[in-house]
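A short reminder: the numbers here are calculations on the coordinates, not readings from a lab. From a predicted model like this one, the values you see are computed outputs, not experimental measurements. Cβ placement follows ideal geometry from the backbone for every residue including glycine, while neighbour counts extend to all protein chains displayed.
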Amino acid sequence: MYSEKQSDEELCTNIKQNEQEKLDRNSLLNFELKKIHELKSQSPHDIFQINFDDKIISLQRIDDTDESSTLLLEWRNKYWNFFNSKFDGNMERTKKWINTINNTPNKILFFIICDGEKIGHLGINLYNHDQNSIEIWSVVRAVKHFSPGLMEIVLKNFFKWIFSELNISTIYLNVFSDVWKAINLYERCGMQTIGTTPLKQIRTNDGWIWKNTTLQSKNHYAQRYMNRMKISSYLKSNPNLIK
Ligand SMILES: CC(C)(COP(=O)(O)OP(=O)(O)OC[C@H]1O[C@@H](n2cnc3c(N)ncnc32)[C@H](O)[C@@H]1OP(=O)(O)O)[C@@H](O)C(=O)NCCC(=O)NCCS
């Protein structure tokens, strides 16, 4: 009888401990995705590897070496039309940007690496705790003209990693409606457009930034439009989508 009571007490203590651990975990998750936090505290390494077209492709968190910063600056200057803002890029600004990414919770940028060469990047941003969602941002393939379809394989495996390793339910992304190549890619990966927002170009000292705007009437056109796309976790319902 006594031992039963004791085991009841032990059980209660265990439950309380489990609940506390759950609370601690949740309070961290409320603010930060644990896995992203961990990745930032570790030296850059492959989060996964894929074999495609006789090549080894991987994703690795960006670092702030001069070599990486030079590449990021070069690509930012080349692909300015696909970003939200245009400005005169330089090394100092790029290093500051890398630092801001590293210091922003739930924001991370990965290099896409093909047989050891950095060929582009893509990242995660804006974790929404209520929806358990994140946004994909800064998708660029800068080194092209080989292995068509590479980005499709990379993105599909990135989605899989986000759903399974981060336990995310929904992935969103914003893409200018005139960037049809990217929209095609996202659709091939199973994303759907869920809305379109009109944009207005606001001039800055050394360029511009695209901001949401409201059209005066249905007969007016915006300077540019931003599509919002979405994909929900398909791992349970459709595991064959991932090759
Ligand atoms: C958008 C972007 C990432 C797409 O990259 P990509 O290199 O075109 O993508 P892929 O490696 O998957 O190759 C795609 C092409 O190969 C084709 N392809 C795929 N498999 C193929 C195969 N087995 N044989 C021949 N062609 C094939 C695809 O149909 C696609 O053709 P398309 O470009 O006419 O649509 C790239 O164009 C880019 O970086 N653009 C600038 C930045 C940008 O727009 N970013 C998006 C911001 S939201």
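A few remarks follow.
- Within the stretch 79-93, backbone nitrogen closer than 18 Å to the virtual label 7 Å beyond the Cα of Ile209 toward Cβ: 80-90, 93
- Prolate/oblate/rounded call for the stretch 80-158, Cα gyration tensor, a/c under 1.5 rounded: oblate
- In the stretch 34-233, a dipole from Cβ-located charges (positive for Lys and Arg, negative for Asp and Glu) runs towards its positive end, and of Pro44, Asn102, Leu215 it is Leu215 whose Cα lies farthest in that direction.
- Our summary gives the stretch 34-233 a relative contact order of 18 percent, counting only alpha carbon pairs under 8 angstrom and 6 or more residues apart.
- Length, then width, then depth: along the principal axes, the Cα atoms of the stretch 34-233 run 51, 39, 37 Å.
- Cα gyration tensor, the stretch 130-216 - rounded (a/c under 1.5), prolate or oblate: oblate
- Overall, the stretch 34-233 carries a charge dipole of about 800 debye about its Cα centre when +1 sits on the Cβ of Lys and Arg and -1 on the Cβ of Asp and Glu, all other atoms neutral.
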